[in-house]
Amino acid sequence: MIQLLLIDDDPMITEPLVRQLEAAGYRVLVAHNGRTGLELAQTHQPDLVVLDVMMPEMDGWEVCRKLRQSSVVPILMLTALGDEVDRILGLELGADDYLTKPFSTRELKARIKALLRRVELDQHTAPTRHELTVGEIRVDLDTRQVFKNGEPLQLRYKEFELLSLLLSRAGDVVTRAELFDKIWGTDWLGDTRTLDVHIRWLREKIEADPSQPRYIQTVRGVGYRLVGAD
């Protein structure tokens, strides 16, 4: 049975959500503060985390940041904040999607289903090549390791998927639509700017100067292209 972890300090939200999610066939763990939520995530290793932002002891952003140091579990953030900067911050810290309160249980279940489906598809997609190399960058598809000049790089789950796809199509322009289709799935319901956030993360890790990228080039209005070193 798929196990979800719901981290939110408001019982008026968690109690009805638990009933609805359990009725949908999920096993649900609940934490009412960020610190306890982080401990449950680390000990129970749920299949997906639903994470509120504003909580006592440790806020959702800090929980997300700490989780991403050791886990690629899908994270869906709940926020009552309407500022675009706050939503982007969650994505930058490694969240996969977010919902702004108030939201319907139906929409939450749809987001959860979409994220879980994407992970399942990712896990069952067999690569046709075991290693990809362009310039100083080498990707081992079997071990999911990335190296630059022989030194290992630490990439998030989606960062690895994105880099692998761009490398497999090195020299070609890969459209934004195709990147979303292959990496996030056609049923993606989140913010489309998450692609640009992940591209920025990748550039920060593989480029000597992310502001003047040597590998990942933007093709304005179309998508991105990965090229070899000059």
- Message: So residue 164 passes all but one of these: (1) polar (S, T, N, Q); (2) assigned to a helix (DSSP H, G or I); (3) touching a helix residue (DSSP H, G or I) at 6+ places or on another chain (Cβ under 9 Å). Which condition number does it fail?
- Response: (3)
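Mind checking which strands (runs of 3 or more DSSP E) fall wholly inside the range 1-109 and carry at least 1 residues that are under 19 Å from the mean Cα position of the chain (by Cα) and at pLDDT 90 or above?
Correct list: 3-7, 48-52, 75-79.
Quick grid of which residues meet (1) in the same structural domain as residue 105 (by TED's automatic domain parsing); (2) over 23 Å from residue 93 (Cα atoms); (3) of a type in the set (A, V, I, L, M):
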{"site": "13", "(1), (2), (3)": "yes, yes, yes"}
{"site": "19", "(1), (2), (3)": "yes, yes, no"}
{"site": "25", "(1), (2), (3)": "yes, yes, no"}
{"site": "31", "(1), (2), (3)": "yes, no, yes"}
{"site": "35", "(1), (2), (3)": "yes, no, no"}
{"site": "40", "(1), (2), (3)": "yes, no, yes"}
{"site": "45", "(1), (2), (3)": "yes, no, no"}
{"site": "50", "(1), (2), (3)": "yes, no, yes"}
- Message: Just to be sure I understand the filter: pairs with C-beta atoms under 6 Å, separated by 6 or more residues or on different chains, first member in the range 183-212 and within 20 Å of residue 160 (Cβ to Cβ) and assigned by TED's automatic domain parsing to the domain that holds residue 167, second member at pLDDT 90 or above and among the aromatic types (Phe, Trp, Tyr). Which pairs pass?
- Response: 206/215
- Considering 24, 31, which residue is small (Gly, Ala, Ser) and under 17 Å from residue 78 (Cα atoms)? 31
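The values are calculated or read from the model by the stated rules, or taken from the named source; none is laboratory data. Remember, predicted model here, so these are calculated numbers, not experimental data. For neighbour counting, all protein chains shown are included, and Cβ atoms are generated from backbone atoms with ideal geometry for every residue, glycine included.
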